[in-house]
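Working notes, structure below.
The values are calculated or read from the model by the stated rules, or taken from the named source; none is laboratory data. For clarity, every value in this text was computed on a predicted model and none was experimentally measured. Reconstructed Cβ throughout: ideal geometry from the backbone, glycine too, with neighbour counts over all protein chains shown.
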């Protein structure tokens with residue numbers, strides 16, 4: 001079985017989401033389906049069809065989360081150190097063309113969130129950063145063309 005890296009924080013977040021779906025969302029949708037059934041003819045009952053569709057979505061999400069959690073290789077980033085960038089590192093970079101400074105943490109695919117500066121390990125930038133050190137220049141192909149970044153700091157927190 002293939003293992004996928006997750007930070008401890010990401011693992012806990014996925015477990016919390018799974019618990020919420022199983023213990024809150026699933027029972028609520030079962031009640032909604034039962035109530036919609038009581039309204040009569042199911043073939044023309046929009047509430048029933050909507051509730052069944054939502055149930056299908058919830059069950060799919062539960063199965064997805066259970067699969068991710070079962071295949072997770074949880075990595076405690078606080079126990080990592082070193083100068084080389086690897087999974088879990090928080091990296092500050094400067095985009096050479098614009099001079100824009102950004103800080104990203106390299107995380108697992110299922111916990112990535114670019115709005116919160118959590119960069120998927122499979123993203124082009126993360127792949128370019130892995131194995132490099134502070135002071136290095138990295139060049140990679142982004143959807144907007146070739147980008148060059150200068151690595152300003154590497155931390156594990």
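Observations on the structure shown:
- Being more than 22 Å from the chain's Cα centre (by Cα), over 18 Å from residue 10 (Cα atoms) and assigned by TED's automatic domain parsing to the domain that holds residue 10 holds for only one residue in 83, 147, 101, 52, and it is 52.
- Members of the stretch 32-51 found to be loosely packed, with under 15 Cβ neighbours inside 10 Å and within 23 Å of residue 64 (Cα to Cα), listed by number: 49, 50
- Matching helices (runs of 4 or more DSSP H) fully within the stretch 1-101 where at least 1 residues are under 22 Å from residue 123 (Cα atoms) and in contact (Cβ under 8 Å) with a residue 40 or more places away in the chain: 8-20, 46-70
- Failed item, numbered, when residue 122 is tested on (1) modelled with pLDDT under 95; (2) surrounded by 14 or more Cβ atoms within 10 Å (Cβ to Cβ): (2)
- Residues considered: 66, 35, 109. Of these, the only one that is over 15 Å from residue 156 (Cβ atoms) and touching a strand residue (DSSP E or B) at 6+ places or on another chain (Cβ under 6 Å) is 109.
- Of the residues screened, residue 146 is not one that is assigned to a strand (DSSP E or B) and buried (at least 16 other Cβ atoms within 10 Å of the Cβ).
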